[in-house]
Amino acid sequence: MTARVLVTGVEGQLARSLVERAAGGAAIELVRVGRPDLDLGRLESIGSAVTRFAPDVVVSAAAYTAVDRAEEEPNLATRINEEAPGILARAALRVGARIIHISTDYVFDGRKIDPYIETDPVNPLCVYGQTKFAGEDRVRAEHPSHIILRTAWLYSPFGHNFVRTILRLAEMRDRLTVVDDRQGNPTSALDLADAILTIIAHWLKEPGSGLTGIYHCAGTGETTWCGFARHVFEISREAGGPFADVVPIRSDQWPTKAARPVNSRLDCSKFARDFGWRAPEWRCSVSGVVRRLVQARMS
């Protein structure tokens, strides 16, 4: 049995990671759909695109992710992160497809001392987090057979992300200041793609599976943004790539338009229990991505 999987977005980190991880897998026919065929900012395009491609599974991967700019464009962020997922979920239900919707650690306020579990109360601090949580609500309301995956600190060899940004900055500067009082789980988009493919494989094996709802899925282990940066540069230096000295600073020394949670750590034990899969230790996954980026730069 083969699953036809529609992924929203073409050039996003997760969409490209899914293509790479699904390559050669006989059980998955993966189709990425983005503008102009499916434009989350043009809501009327969503339903027709889902109907045309007639998937078995929809992966709602695309989103408005410019956290600070969302403070200035709340209406656009709402349309893309809240309204569009609801329409997408309704369209998926209409064609008989299940849906996997990607959400974020930013639905929490970060005041909890321990890692967050799925049943912890949400309290997003910024427009991005507020619209992403509202999008979760829309998906839940529109589709009974959904899975919402909350992830954190996503990076990959593709697109715009922390790892690629600091490696680029290290080519221009010998010293970088990085926030050291926010904790989280760096998550490779390649690993998140593996988690999504694990869900789909489970559904193929057990079509009547009742596993639905919210799951946390992030890299194993935790660090600060400063610790993250230092590990990136340690690996890059070993591989012959750019590196810089990292100076720790407090969040209040790096003001941003959008408030961010101090604690973004996610407890992923529920996903491990239900699907038998856990992400690799974050340093291992970061190392693989950094070495790949350095090799590509040198080739």
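Taken over the alpha carbons of the stretch 121-199 as equal point scatterers, the Debye sum produces base-10 log I(q)/I(0) values at 0.18, 0.27 Å⁻¹ of -1.01, -1.30.
Ranked by how many other Cβ atoms sit within 10 Å of their own Cβ, fewest first, the residues LYS257, LYS270, LYS132 fall in the order LYS257, LYS270, LYS132. Think of it as helices only: each DSSP H run of n ≥ 4 in the chain is worth -39500 (n - 2.57), and spread over all residues that comes to -12000 deg cm²/dmol at 222 nm. Sparse packing (at most 13 other Cβ atoms within 10 Å of the Cβ) combined with a DSSP loop state is found for none of the chymotrypsin sites (Phe, Trp or Tyr not before Pro) in the stretch 142-222. Other residues lying with their Cβ under 9 Å from the Cβ of TRP203 contribute a combined charge of 0, Lys and Arg counting +1, Asp and Glu -1. Classified by the C-alpha gyration tensor, the stretch 75-151 has an oblate form. Its axis ratio a/c, with a ≥ b ≥ c, is 1.5 or above, and a/b does not exceed b/c. Using 0.36 nm per residue and subtracting the Cα-Cα separation, the extra length available between VAL31 and PHE162 on full extension is 44.5 nm. Near the amide H of GLU29, within less than 5 Å, lie the amide hydrogens of ALA3, ARG4, VAL5, all on another chain or at least 5 residues away, with H placed in the peptide plane.
Return the FRET efficiency for the residue pair GLU71, SER269: r is the Cβ-Cβ distance, R0 is 45 Å, and the value is rounded to the nearest 0.05. Provide the component values of the computation, followed by the final result.
Numbers: r = 34 Å, r/R0 = 0.74.
That gives a FRET efficiency of 0.85.
Taking amide H atoms as placed 1.01 Å from N in the peptide plane, the amide H of ILE249 lies under 5 Å from those of VAL178, VAL179, ASP180, each 5 or more residues away in sequence or on another chain.
Each Cα pair under 8 Å and six or more residues apart adds its separation to the average, and for the chain the resulting relative contact order is 21 percent. Annotation for the stretch 50-150: GluC sites (Glu not before Pro) lying in DSSP loop with at most 13 further Cβ atoms inside 10 Å of their Cβ are GLU72.
In straight-distance terms, cross-link reach from LYS112 covers every one of the lysines whose alpha-carbon lies under 29 Å from its own, apart from those fewer than eight places away in the same chain; here that gives LYS132, LYS257, LYS270. In sequence order, the stretch 166-179 has phi-based couplings of 6, 5, 5, 5, 5, 6, 10, 10, 8, 9, 10, 9, 9, 4 Hz under the Karplus curve 6.51 cos²θ - 1.76 cosθ + 1.60, θ = phi - 60°, and Gly or Pro positions carry x. Taking other C-beta atoms within 10 angstrom as a stand-in for reagent exposure, PHE133, PHE53 fall in the order PHE53, PHE133, fewest first.
Normalised by 2.2 N^0.38 Å, where N counts its residues, the alpha-carbon radius of gyration of the chain equals 0.98. In whole angstrom, the stretch 179-299 maps to an equivalent ellipsoid with semi-axes of 31, 21, 10, each derived as √(5λ) from the alpha carbon gyration tensor and ordered largest first.
Between 0 and 90 degrees, the angle of helix 189-205 with respect to the longest Cα principal axis of the chain falls at about 30 degrees.
For the stretch 238-275, the residues whose backbone nitrogen is under 18 Å from a point 7 Å from the Cα of ASN123, taken along Cα to Cβ, are 259-266. Considering the stretch 1-113, its Cα convex hull presents a mean projected area of 8.5 nm². Annotation: the residues LEU293, LEU125, sorted from fewest to most other C-beta atoms within 10 Å of their own C-beta, follow the order LEU125, LEU293.
Counting Cα-Cα pairs of the stretch 66-115 in 10 Å increments starting at 0 gives whole-percent bin shares of 20, 38, 30, 12, 0.
The string of couplings for the stretch 55-71 from the Karplus curve (6.51, -1.76, 1.60, θ = phi - 60°) is x, 8, 9, 10, 9, 7, 9, 6, 6, 7, 10, 7, 4, 6, 5, 4, 5 Hz, one whole number per residue in order, with x for Gly and Pro.
Averaging Cα coordinates gives a centre for the stretch 195-254 and one for the stretch 14-90; these two points are 21 Å apart.
Taken together, the values in this text are just the output of simple stated rules run on the coordinates, not laboratory data. No experiment lies behind these values; they were computed from the predicted model shown. In this analysis, Cβ positions are derived from the backbone assuming ideal geometry, glycine residues included, and neighbour counts consider all displayed protein chains.
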